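The values are calculated or read from the model by the stated rules, or taken from the named source; none is laboratory data. If you're wondering where the values come from, they're calculated on a predicted model, not measured in any experiment. Quick reminder, even Gly has a Cβ in these numbers, built from the backbone with ideal geometry, and neighbours come from all protein chains shown.
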Amino acid sequence: MPLVPYPLARPFLFSLDPERAHELTLDALARWQRTPLQCLWQESRVRDPVEVAGLRFPNRIGLAAGLDKNGRCIDAFGAMGFGFVEVGTVTPKAQPGNPKPRMFRLPEAQALINRLGFNNDGLAAFVANVRRARFRSGGGILGLNIGKNAATPIERAVDDYLLCLDGVYPHADYVTVNISSPNTKNLRALQSDDALDALLGAVQERKGALAAQHGRNVPIFVKIAPDLDDAQIDAIAATLRRHAIDGVIATNTTIARDKVAHLPYGGETGGLSGAPVFEASNRVIAALRRALGAGYPIIGVGGVMSASDARAKITAGADLVQIYTGFIYHGPALVGSAARALASGRR
């Protein structure tokens, strides 16, 4: 059990600007991880091993990408009981992201809106942070999430993804190709048939070369949006199959505002996460499972605020579950409660 229960810390953090609270938290975690002060948030890891995409996950609850964009706090999050941790999105070059303010809390809806825009310190700094982490040596699974720079024309997006893939491949248990953030101009256009076909063809070709070079196969996942209709989902599923992509992550944040438009900040642009995206995410997961069939790896993410929400992701068709906004609202205790719920459901 942590020495400082999250419900005691949350009122202070929620009194601050959301991005300021986020930065202070990451700074503290980065400074105190791998020290005796880690006991402030340490939680035991639930043992519920499962094999997905050829990887053995200690349990089925993971941290979604976006919370630790630079991979600074991998060991800190690992100490909270996550079976797997995904960090990024990283881009080849450092970039500041979009102008502030760019993160907004909607507590009445247990939601966040962000338009951060892949703000990160760049590939070299990211890889240096990843190499310092000990999470993988302790049995945790590490996912590294890659994207394109805002200044890179969409016609040259493949170049950025390949640069990132080259850099992260030796240090990842799996790599996620992020084509679904709403906060980088035209990025979601990469989900269209021809663009996705070209991108995944290039990624798989480079993966083959990297697997031969490093003597290990690193699974590739693709992260998609919740704002897709059934025809788009079927087309994406067919493309994933055609290029033998190892798995899919469903879903990223939504641009829909129907559930929060009446709330303060509900009209802000950016990606909406948290409870309002739960049903849309589950709809996409279920559609993917129908299209891809049994056995195809799906990671479900979006609106997991409780253990029962995590179970619903599995019921919808996911093999693994990630949390992000639920973690911000409920803290590390959500990790253990969700992992225990999924473990008990398999017995």
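Numerical summary
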quantity	calculated
Filter result (surrounded by 15 or more Cβ atoms within 10 Å (Cβ to Cβ) and among the acidic types (Asp, Glu)) within the stretch 136-165	159, 160
Residue match in the stretch 230-242 (condition: surrounded by 20 or more Cβ atoms within 10 Å (Cβ to Cβ), closer than 26 Å to residue 141 by Cα and either within 15 Å of the chain's Cα centre (by Cα) or without any contact (Cβ under 8 Å) to a residue 12 or more places away in the chain (or both))	no
Strands (runs of 3 or more DSSP E) contained in the stretch 19-129 and holding at least 1 residues touching a Pro at 6+ places or on another chain (Cβ under 8 Å) and over 17 Å from residue 327 (Cα atoms)	50-52, 55-57
Selection within the stretch 125-153 - touching a helix residue (DSSP H, G or I) at 6+ places or on another chain (Cβ under 8 Å) and among the aliphatic types (A, V, I, L, M)	127, 130, 133, 142, 144, 146
Conditions (1) buried (at least 18 other Cβ atoms within 10 Å of the Cβ); (2) more than 17 Å from the chain's Cα centre (by Cα); (3) not charged (D, E, K, R); number of the one not met by residue 294	(1)
Residue satisfying condition, being farther than 30 Å from residue 152 by Cα, buried (at least 21 other Cβ atoms within 10 Å of the Cβ) and of a type outside the set (Val, Ile, Thr), within set 118, 57	57
Criterion (closer than 21 Å to residue 326 by Cα, surrounded by fewer than 16 Cβ atoms within 10 Å (Cβ to Cβ), over 23 Å from the mean Cα position of the chain (by Cα) and touching a residue at least 40 places away in the same chain (Cβ under 8 Å)) met by exactly one of 7, 11	7
Condition broken by residue 281, with the remaining ones in (1) touching a Lys or Arg at 6+ places or on another chain (Cβ under 6 Å); (2) buried (at least 23 other Cβ atoms within 10 Å of the Cβ); (3) of a type in the set (Gly, Ala, Ser); (4) part of a helix (DSSP H, G or I) satisfied	(1)
Selection count, the stretch 265-321, where residues are closer than 23 Å to residue 84 by Cβ, without any contact (Cβ under 8 Å) to a residue 24 or more places away in the chain and not hydrophobic (A, V, I, L, M, F, W, C)	2
The stretch 130-182: number of residues that are under 20 Å from the mean Cα position of the chain (by Cα), β-branched (Val, Ile, Thr) and assigned to a loop (DSSP other than H, G, I, E, B)	1
Criterion: surrounded by fewer than 24 Cβ atoms within 10 Å (Cβ to Cβ), modelled with pLDDT of 95 or more and in contact with a strand residue (DSSP E or B) (Cβ under 8 Å, 6 or more places away or on another chain) - qualifying residue of 133, 109, 124, 65	109
Test: residue 86 is more than 16 Å from residue 314 (Cα to Cα) and not aliphatic (A, V, I, L, M)	yes
Scope the stretch 39-62; condition under 13 Å from the mean Cα position of the chain (by Cα) and under 16 Å from residue 175 (Cβ atoms); matching residues	62
Residue satisfying all of: in the stretch 81-96; among the aliphatic types (A, V, I, L, M) and buried (at least 24 other Cβ atoms within 10 Å of the Cβ); farthest from residue 48 (Cα to Cα) among these	90
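Matching residues to (1) in contact with a Leu (Cβ under 7 Å, 6 or more places away or on another chain); (2) part of a helix (DSSP H, G or I):
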{"position": "290", "(1), (2)": "no, yes"}
{"position": "296", "(1), (2)": "no, no"}
{"position": "305", "(1), (2)": "no, no"}
{"position": "308", "(1), (2)": "no, yes"}
{"position": "312", "(1), (2)": "no, yes"}
{"position": "322", "(1), (2)": "yes, no"}
{"position": "327", "(1), (2)": "yes, yes"}
